[in-house]
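Q: What follows is a structure written as structure tokens; I'll ask about it next.
The values are calculated or read from the model by the stated rules, or taken from the named source; none is laboratory data. Keep in mind that this is a model prediction, so the values were computed, not measured. Counting neighbours? That spans all protein chains shown, and the Cβs are built from the backbone with ideal geometry, glycine included.
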Amino acid sequence: MNYKELVREAIKLLDEYEPDKQCVDTFMEDSAKTLANRPSAEQIFITDTVYGCIAHQKLLDVVINVFYNQKGKYFLKADRNQFVVVSYLAMFHLEDLGLEQFSIIIKSLDCSKMYKFLSFLFNVTNLTTWIHAEWSQIYDATYVESKWIVPMLRWQPEVEGLLEYLEKKTTKGSQPKKFPKKSTEPQEFDLTKPKPRSLPAPELIPQQEKPKPVPASTHKAPKEQQVLEDVKQKNHLKSQKVLYEANTQQFRCANPEKSEKTKSIMSQIQQNRKSKLQFDSVYSSGTPATHKTNTLPIRLNTTAILREGALYNRQMEEELEHLMQGTNEPSAFLQWQKEMKEKDLQEELVQLERRRLEGKISHEEALLARQRVLELNQHKALLKKEETAQLMRRYAEKRLREEKEMKELVQLVADGHKNSKAAKVKLQEIKKRIVKEVSEQSQELLRQALEEAQAELSRKFELIRQIRAIESVPHLSQKFVDDTETGGHELLCEMSLAELRERLARLKEEEQQEQEKRRQRILEEKQSREQLLIEQLDAITACRTAAGQATAQKQEEKKLRLKLQEAVSMDERVVALQRTLGMKQQERQKRKETEKAKSKLNEQMAVQNVKSYSHEKQVLEKEHWLQLEQALEKQVQREASKKNTSGLTQGIAT
């Protein structure tokens, strides 16, 4: 798989996601439609990445918000989803991808941005301090450490090589690039193109004589058909009216309107409630008391009682823990509590893993169902295309046959124009024969129409006579309805009126029993809560009395201490000791002052010594440099004398 394109596609989908306007599931379905052309593995990777970024948004926002505040102040907000995808892959899929694929993904993005973000994300101090603390507020601390902190710290040394590569790339990218020189490219000659050949002229079609127009009676429908349509329309309106009456006149057992008895009871209850209201009465609190006392007890509500009881219980537990600190081994209760917590945590983790796997399985099943639907649609489209192709083939063959027949007909007409006289005589004979046949046929049709009209009239008279006979018979106005019989509509859920009433009665009884159970449970809960509050109040009063006694005892002890201190302060030995203490303090103060003065003198002497030493050092350096210069001059003179002597010896030798 090409992970670079997949990551860019995931970033693009995250840019399109709007959490205020779109739901996560609908957005994932729409994105799956857009990714239908890709293979299944790529679709799964992109959808998992996008869904994971949305699901763990709180966890990822902790890192990215701090990154923007500290190191990403000059980055655009449009790059936020890019950092979200990279951090999600580093936290959840780094072990699945491997360092090689992860580095390919990082190198395909902006190197400078990725270098800053990865150096911030894989910083050991950030991971172990504030990132661990912030993530622990969202998830459990042990789960955060084992799931994300430890794996990222394990991958940190290997990511250092990728960070060095990104740093080199950013430094190289800052240098100016040398653009190659443009070379001249030859172009083709602009020659005139030859004109296309003209099409040959079409063959002339011989003109025909205008035929006689078709009579208007051939295209008109008969009157009987119009009469039948009117009858159908009337019957349809009558059936609609009957249906409306049946819908409006419903069963009385399912009538939602309240009876007159319930309405009268409701109005009586409302009047009683209104009579109890006294909006116009004058309320007075009475004359204020002359001597106000603060001895009234403060009334605590339920939350205050429970909060204070929990505080006293916590204090008692802390005192018990302080008393039990002498033993080295924990108690059996603490061990049991620890084991139960570990067991609950293990069960919770198992449930979370099961839910995650079930979600993935349902997601896979949805993808498979979608693929099946797409394959079925493609198969239907192929069948439709084959049918249309076959119809087009038939239509083309039919057009070819018609054109061939028209050409033959035109040829026959052209040949007929040549011997027009014989053709006219022959045509007149044919017309006479046709007129004779048409007249015979029309007479036969008229005779048949008369017979049909007479039969229709007799049938109508018979119907009218039957209707009048039926109307003359008296009909019973009362209808005998059997409650145990069904309507006979042949439905699975069909039931009789008696069965419906019995079921409604049973449902009412079940609802009343459920309401009674609920009331009983509420009463029991209320009584248990009141008992708990009473016990808490008793414990609070006991603790308060104990605390008051303790404070009174402490105050008495304080008073005794003050009296003892006053008695001790008046003792002669104490006064003498206080005097000696003051003398010692004065002596210490004097010694401090003398030491300060001595330190100042020593500093001044040290400054003078430093100045003298620096002066001596400068003098010695000057002398050293003079000696070096003299030695260099002597060496240069020696080399010049050696060169002169060598030149003289060579001149003598020549």
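Here's the yes/no breakdown for (1) under 25 Å from the mean Cα position of the chain (by Cα); (2) aliphatic (A, V, I, L, M); (3) assigned by TED's automatic domain parsing to the domain that holds GLY161:
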{"site": "ILE44", "(1), (2), (3)": "yes, yes, yes"}
{"site": "LYS71", "(1), (2), (3)": "no, no, yes"}
{"site": "SER87", "(1), (2), (3)": "yes, no, yes"}
{"site": "GLU100", "(1), (2), (3)": "no, no, yes"}
{"site": "ASP110", "(1), (2), (3)": "no, no, yes"}
{"site": "TYR115", "(1), (2), (3)": "no, no, yes"}
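Q: Still on this structure, I have one more. For a quick check of your reading of the model, give me the residue pairs whose first member lies in segment 445-456 and is without any contact (Cβ under 8 Å) to a residue 60 or more places away in the chain and among the acidic types (Asp, Glu), whose second is assigned to a helix (DSSP H, G or I) and exposed (fewer than 10 other Cβ atoms within 10 Å of the Cβ), with beta-carbon atoms closer than 9 Å and at least 6 apart or on different chains.
A: Listed by first residue and then by second, the contacts come to nothing, as the list is empty.
Q: Among the residues that make up segment 170-192, is at least one of them in a helix (DSSP H, G or I), at pLDDT 80 or above and surrounded by 10 or more Cβ atoms within 10 Å (Cβ to Cβ)? Reasoning before the result, please.
A: Looking only at segment 170-192, we keep the residues that are in a helix (DSSP H, G or I), and these are 170-174.
Going one step further and asking which of them are at pLDDT 80 or above, we end up with none.
Looking for residues that are in a helix (DSSP H, G or I), at pLDDT 80 or above and surrounded by 10 or more Cβ atoms within 10 Å (Cβ to Cβ), one finds none in segment 170-192, hence no.
Q: Which is within 18 Å of the chain's Cα centre (by Cα) and among the charged types (D, E, K, R), of GLU29, GLU5?
A: Details: GLU5 fails: within 18 Å of the chain's Cα centre (by Cα).
Just a single option satisfies the conditions, and that option is GLU29.
Q: Of the numbered conditions (1) in contact (Cβ under 8 Å) with a residue 24 or more places away in the chain; (2) over 22 Å from VAL85 (Cα atoms); (3) basic (Lys, Arg), LYS168 fails exactly one; give the number of that condition.
A: Only one criterion is unmet by LYS168, namely (1).
Q: Regarding VAL7, is this residue in contact (Cβ under 8 Å) with a residue 12 or more places away in the chain and closer than 22 Å to TRP135 by Cα?
A: In short, no.
Q: Now for a different question. Mind counting the residues in segment 112-138 that are without any contact (Cβ under 8 Å) to a residue 12 or more places away in the chain and surrounded by 15 or more Cβ atoms within 10 Å (Cβ to Cβ)? Can you show your working first?
A: Let us first name the residues in segment 112-138 that are without any contact (Cβ under 8 Å) to a residue 12 or more places away in the chain, namely 123, 125-126, 129, 133, 136-137.
Still in the list and also surrounded by 15 or more Cβ atoms within 10 Å (Cβ to Cβ): 126, 136.
Of the residues in segment 112-138, 2 are without any contact (Cβ under 8 Å) to a residue 12 or more places away in the chain and surrounded by 15 or more Cβ atoms within 10 Å (Cβ to Cβ).
Let's see how each residue does on (1) among the acidic types (Asp, Glu); (2) modelled with pLDDT under 80; (3) farther than 30 Å from PRO222 by Cα:
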| position | (1), (2), (3) |
| --- | --- |
| LEU445 | no, no, no |
| ALA453 | no, no, no |
| GLU462 | yes, no, no |
| GLN466 | no, no, no |
| GLY487 | no, yes, yes |
| MET495 | no, no, yes |
| LYS508 | no, no, yes |
| ARG518 | no, no, yes |
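Q: OK, next. Of all residues in segment 483-531, count the ones that are within 29 Å of LEU306 (Cα to Cα) and not hydrophobic (A, V, I, L, M, F, W, C).
A: Taking segment 483-531 first, the residues within 29 Å of LEU306 (Cα to Cα) are 517-531.
After this cut, where a residue has to be not hydrophobic (A, V, I, L, M, F, W, C) as well, the list is 517-521, 524-531.
Going through segment 483-531 one residue at a time, the tally reaches 13.
Q: Out of ARG529, ARG503, ARG468, which single residue is assigned to a helix (DSSP H, G or I), on the phi < 0 side of the Ramachandran plot, in contact (Cβ under 8 Å) with a residue 60 or more places away in the chain and among the basic types (Lys, Arg)? Full working, then the answer.
A: Values: ARG503 fails: in contact (Cβ under 8 Å) with a residue 60 or more places away in the chain; ARG468 fails: in contact (Cβ under 8 Å) with a residue 60 or more places away in the chain.
The conditions single out ARG529.
Q: Return the total of residues in segment 532-558 being touching a residue at least 24 places away in the same chain (Cβ under 8 Å) and either farther than 16 Å from ILE305 by Cα or of a type in the set (Val, Ile, Thr) (or both).
A: Total meeting the criteria: 1.
Q: Hey, another quick one. Looking at SER472, SER439, SER496, which is the one that is within 28 Å of GLN225 (Cβ to Cβ) and either surrounded by 10 or more Cβ atoms within 10 Å (Cβ to Cβ) or of a type outside the set (D, E, K, R) (or both)? Step through it out loud before you land on a result.
A: Working: SER472 fails: within 28 Å of GLN225 (Cβ to Cβ); SER496 fails: within 28 Å of GLN225 (Cβ to Cβ).
Only one candidate qualifies: SER439.
Q: Residues in segment 352-396 that are among the hydrophobic types (A, V, I, L, M, F, W, C) and over 25 Å from the mean Cα position of the chain (by Cα): how many?
A: If we filter segment 352-396 for residues that are among the hydrophobic types (A, V, I, L, M, F, W, C), which is where we start, we get 352, 357, 361, 366-369, 373-374, 376, 381-383, 389, 391-392, 396.
Subset that is over 25 Å from the mean Cα position of the chain (by Cα): 373-374, 376, 381-383, 389, 391-392, 396.
Residues that pass the stated criteria total 10.
Rundown of residues vs (1) among the hydroxyl-bearing types (Ser, Thr, Tyr); (2) farther than 30 Å from GLU452 by Cβ; (3) within 60 Å of the chain's Cα centre (by Cα), yes/no style:
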| site | (1), (2), (3) |
| --- | --- |
| THR192 | yes, yes, no |
| LYS195 | no, yes, no |
| PRO200 | no, yes, no |
| HIS219 | no, no, no |
| GLN225 | no, no, no |
| LEU228 | no, no, no |
| ASN235 | no, no, yes |
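Q: Right, something else. Specify which of the listed residues (PHE83, PHE45, PHE67) is free of Cβ contacts under 8 Å to residues at least 60 places away in the same chain, assigned to a helix (DSSP H, G or I) and under 14 Å from LEU6 (Cβ atoms). Lay out the reasoning, then the answer.
A: Numbers: PHE83 fails: under 14 Å from LEU6 (Cβ atoms); PHE67 fails: under 14 Å from LEU6 (Cβ atoms).
Of the residues listed, the single one that is free of Cβ contacts under 8 Å to residues at least 60 places away in the same chain, assigned to a helix (DSSP H, G or I) and under 14 Å from LEU6 (Cβ atoms) is PHE45.
Q: Looking only at segment 117-133, count how many residues are polar (S, T, N, Q) and either within 23 Å of ARG80 (Cβ to Cβ) or under 27 Å from the mean Cα position of the chain (by Cα) (or both). Step through it out loud before you land on a result.
A: Keep residues of segment 117-133 that are polar (S, T, N, Q), which gives 119, 123, 125-126, 128-129.
Retained after the next criterion (residues that are either within 23 Å of ARG80 (Cβ to Cβ) or under 27 Å from the mean Cα position of the chain (by Cα) (or both)): 119, 123, 126.
Summing the residues that are polar (S, T, N, Q) and either within 23 Å of ARG80 (Cβ to Cβ) or under 27 Å from the mean Cα position of the chain (by Cα) (or both) in segment 117-133 gives 3.
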